[in-house]
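What follows is one structure encoded as structure tokens, with my remarks underneath.
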2 protein chains.
Amino acid sequence: VNISVIGAGAYGTALALVLGENNNDVTLWGHNPAHLSEIAEHRENRRHVPGVPLPESLKLEPDLDAAVGRADALVVALPSRAFRTVTARLGRFTGPIVTTTKGIEDVTGLTMSGIIREAAPGAPVAALSGPSLAAEVARGAPTAVVAASTDEALAREVQRWFNRPCFRVYTSPDILGVELGGALKNVIAIAAGVCEGLGFGENSKAALVTRGQAELRRLGVHLGAKPETFYGLSGLGDLTVTCFSRHSRNRTFGEQIGRGANPTELLAAATTVVEGHPTARSAHQLAERAGVPCPIIAEVHAMLYLGKPARRAVSDLLNREVKPED
Amino acid sequence: VNISVIGAGAYGTALALVLGENNNDVTLWGHNPAHLSEIAEHRENRRHVPGVPLPESLKLEPDLDAAVGRADALVVALPSRAFRTVTARLGRFTGPIVTTTKGIEDVTGLTMSGIIREAAPGAPVAALSGPSLAAEVARGAPTAVVAASTDEALAREVQRWFNRPCFRVYTSPDILGVELGGALKNVIAIAAGVCEGLGFGENSKAALVTRGQAELRRLGVHLGAKPETFYGLSGLGDLTVTCFSRHSRNRTFGEQIGRGANPTELLAAATTVVEGHPTARSAHQLAERAGVPCPIIAEVHAMLYLGKPARRAVSDLLNREVKPED
């Protein structure tokens, strides 16, 4: 299959590798022509996936229209903040579009597949998500993810494009639950990082992950997702790896805040995207509109956007009334 | 309340501290009088919880009958292999007995509360479980656990004995689910450690934890537990901390096996208890009798008791047929 990957960051590059190994004809587009030239010259994405050679068969294409024009299907791996702008140029594409971006749009509350549906109304949409640190995917470490679409035949098609011995793809009809789990977990990961930064240890983090999982599920189910999705790879699986991995940007961002750093200054200095930061705001909006109590999301929002001190936010979480587990 | 803690290991000592801080009158019993004398002399359990001073008010009692005789309630924190022998001496005790031990008895398939019910038929039984590494509990790091009993008034009573700002106690009526989650998670943690020892990375571990969670729940529900218990602190919470913590003995044991160590030799050299080892056998028995497919438990059992090489066990797990998530 002719597949163009839209986004030449770490995750887009790792997925382009997997698709190529599966004998698809793969094109990688990135917004920065100089970066694509670097990749072409070294046959390696040194900025984002250093040390992993890219095959000669991988095409690098700086022209978005050309990348889209030659494709039977698109895989979108953009930061969420660029998602609306770039997908606005996919309006006439009618092949399948697979989003791998984890975010919720500010104000509209849309997941990425919702943005695609608005931008490219003729394109069937799927989402790929799960615990899949890009560096590990690129080096072939065993990984399992979920391909989700309300169109179950499309979910199986996406499964066929990607499925490899070391990149197992399960299917799900619940694209909303898969996307919400992937996006919201970044907010919980910031809170987990804050706990660590405050020196609170692993018991606290495990409790937070447990209560966070319940919170994501409560909000997601209210928004129309299926509860069981939040127990799967795209929910629990992605949540645990993001909260416990040394490599998670969201967790690390939270850890720095827990140690006393100022969120605004951290973001100004950041060279990579911390998806949990915008998601904390859009998720808090969703929860407030829906009237669903989401104390962890609310406290992360208060730390990041209202200047609430980390120690007070966490102690407010810990001091909630003791009651039977829900 | 007069409470005797039966077992002077790391967890028993940490719980004795929490109970003492809550103004209970606490006695600590251990099977080794020399060890108790050491603790009394230094006012510190240097073997198991070094660096944490114990209050003068904590009584150390080498005589089990004396420790039991003065107590209104008992908290049992023994290794599972000693549980039957020691609790056999509690037959006439009729106050509440709280088990904190995580195991399933070989052949009988009983959890620890089941053993207590046989040994002390007059005693109301509860279980305390959740993500609570002893070293962190002892130093007062924020921790949240569950007190479970089919007698909900007893669960609330146990909650009152233990609940502290940094040791939050939730209640649950599902003692079976709480105990099964705590015991079975040690088997999954061994598998998670094996993945690491084989160099497989965090994506693999997250996938394993996710599939493991589903497996525990499937087996537990078949045995009469409630599904939601496995999503709580004693299920998911304890599973994540055990699979991801540097300090988990079960995970570390698995990691060494993944690196090629022989399980029998490891155990012969071990100075601490690896509860997942006996539990792998009893859990596999339970699953086989119940006819519930538990592939992770089966592969851990095969590695530990049938000499199956770690790499082959894990690749058999990874190569299971790709299908919709369940």
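Below is a table of values for the structure above.
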read-out	value
Selected from A:Ala310, A:Ala40, A:Ala189 as most flexible by GNM, with chain A as the system and alpha-carbon contacts under 10 Å	A:Ala40
Binned Cα-Cα distances of region B:233-323, short to long, each 10 Å bin given as a whole percent	15, 45, 36, 4, 0
Region A:168-275: radius of gyration over Cα atoms, expressed as a fraction of 2.2 N^0.38 Å	1.09
Size of charge dipole - region B:26-115 - debye, nearest 20, with Cβ of Lys, Arg +1 and Asp, Glu -1, no other charges	180
In the A-B interface, the accessible area buried, summed over both sides, Å² (probe 1.4 Å)	3900
Copies compared at B:Arg43 - label distances in nm, ascending, label defined 7 Å from Cα in the Cβ direction	7.0
Percent of beta bridges antiparallel (DSSP, chain B, rounded to nearest 5)	15
Residues in region A:187-236 occluded by at least 30 Å² - accessible area, probe radius 1.4 Å, against chain by itself	A:Phe200, A:Glu202, A:Asn203, A:Ala206, A:Ala207, A:Thr210, A:Arg211, A:Tyr231, A:Leu233, A:Leu236
Other copies of A:Ala261: label-to-label distances in nm, shortest first, labels 7 Å along the beta-carbon direction	3.5
Residue-normalised accessible area of the protein assembly as shown, expressed per residue, 1.4 Å probe, Å²	37
Region B:122-169, relative contact order in percent, only Cα pairs under 8 angstrom and at least six apart counted	39
Along principal axes, Cα extents of the protein assembly as shown, largest first, whole Å	84, 55, 39
B:Thr13, B:Thr94, reordered so the largest accessible area comes first (probe 1.4 Å)	B:Thr94, B:Thr13
Dipole magnitude of the protein assembly as shown about its Cα centre (Cβ charges: Lys, Arg +1; Asp, Glu -1), debye to nearest 20	300
Ratio of the Cα radius of gyration of chain B to 2.2 N^0.38 Å, where N counts its residues	0.97
Residue among A:Ala73, A:His31, A:Gly103 farthest towards the positive dipole end of region A:15-133, charges placed on Cβ	A:Gly103
Region B:1-143, Rg to Rh (Cα coordinates; Rh as Kirkwood inverse mean 1/r)	0.94
Of the GluC sites (Glu not before Pro) in region A:7-92, those whose Cβ has at most 13 other Cβ within 10 Å and which sit in DSSP loop	A:Glu56
Nearest-to-axis residue of chain A, judged by beta-carbon position, where the axis maps A onto B, in Å	A:Phe244, 2
Spatial separation of Cα centroids for region B:4-67 and region A:281-323, in angstrom	39
Two-site FRET efficiency, A:Arg46 against B:Arg246, from Cβ-Cβ distance with R₀ of 25 Å, rounded to 0.05	0.20
Rounded percent of accessible protein surface that carbon and sulfur make up, region B:1-93, 1.4 Å probe	49
Contact order normalised by residue count of chain A, Cα under 8 Å, 6+ apart, percent	15
Shielding by other protein chains, A:43-51, mean Cβ within 10 Å	0
Largest-first ordering by accessible area, 1.4 Å probe, given options B:Arg89, B:Arg160	B:Arg160, B:Arg89
Peptide ranges B:102-110, B:201-209 listed from the most packed, as the mean C-beta count within 10 angstrom indicates	B:201-209, B:102-110
Spin-label pair B:Asp72/A:Asn23, simplified geometry with 7 Å Cα→Cβ offset, distance in nm	7.4
Degrees separating the helix A:276-290 axis from the principal Cα axis of chain A, which is the longest one	70
29 Å Cα-Cα threshold exceeded, pairs from A:Lys205/B:Lys185; A:Lys102/B:Lys226; A:Lys102/B:Lys102; A:Lys308/B:Lys102	A:Lys102/B:Lys226; A:Lys102/B:Lys102; A:Lys308/B:Lys102
Per-residue average of Cβ from other chains inside 10 Å of B:15-23	0
Charge dipole of chain A about the Cα centre (unit charges at C-beta), most positive-ward option of A:Tyr170, A:Ser129, A:Pro293	A:Pro293
Between helix A:152-162 and chain A: long-axis angle, C-alpha atoms, 0 to 90°, nearest 10	70
Farthest positive-ward along region B:203-288 dipole, Cα basis, beta-carbon charges - from B:Ala206, B:Ile257, B:His247	B:Ala206
Region A:175-326, relative contact order in percent, only Cα pairs under 8 angstrom and at least six apart counted	32
Residue of A:Ser245, A:Ser315, A:Ser282 that the Gaussian network model of chain A assigns the largest fluctuation, springs spanning Cα pairs under 10 Å	A:Ser315
For region A:153-203: Kirkwood Rh in Å [reciprocal of mean 1/r, alpha carbons]	13.6
Share antiparallel - DSSP beta bridges, the protein assembly as shown, percent rounded to 5	20
At 7 Å out from Cα toward Cβ: A:Asn319 inter-copy label distances (nm, ascending)	5.7
Only Lys, Arg (+1) and Asp, Glu (-1) charged, at Cβ; region B:226-324 dipole about Cα centre in debye	140
FRET efficiency, 1/(1 + (r/R0)^6) with R0 41 Å, evaluated for A:Ala269 and B:Thr272 via beta carbons	0.40
Solvent-accessible surface (1.4 angstrom probe) belonging to B:Arg211, in square angstrom, nearest 10	60
Distance histogram in 10 Å bins (all Cα pairs of region B:67-207, percent per bin)	12, 37, 34, 13, 4, 0
Degrees between helix B:201-222 axis and first principal axis of chain B (Cα, 0 to 90, nearest 10)	70
Whole-percent carbon and sulfur share, accessible surface of region A:132-221, 1.4 Å	52
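The values are calculated or read from the model by the stated rules, or taken from the named source; none is laboratory data. Since we're looking at a predicted model, the values are computed, not measured. When we count neighbours, we look across all protein chains shown, and the Cβ atoms used for this are built from the backbone with ideal geometry, even at glycine. Accessible surface is based on the protein model in full, side chains and every heavy atom, while ligands, DNA and RNA are left aside. Shrake-Rupley method; radii C 1.70, N 1.55, O 1.52, S 1.80 Å.
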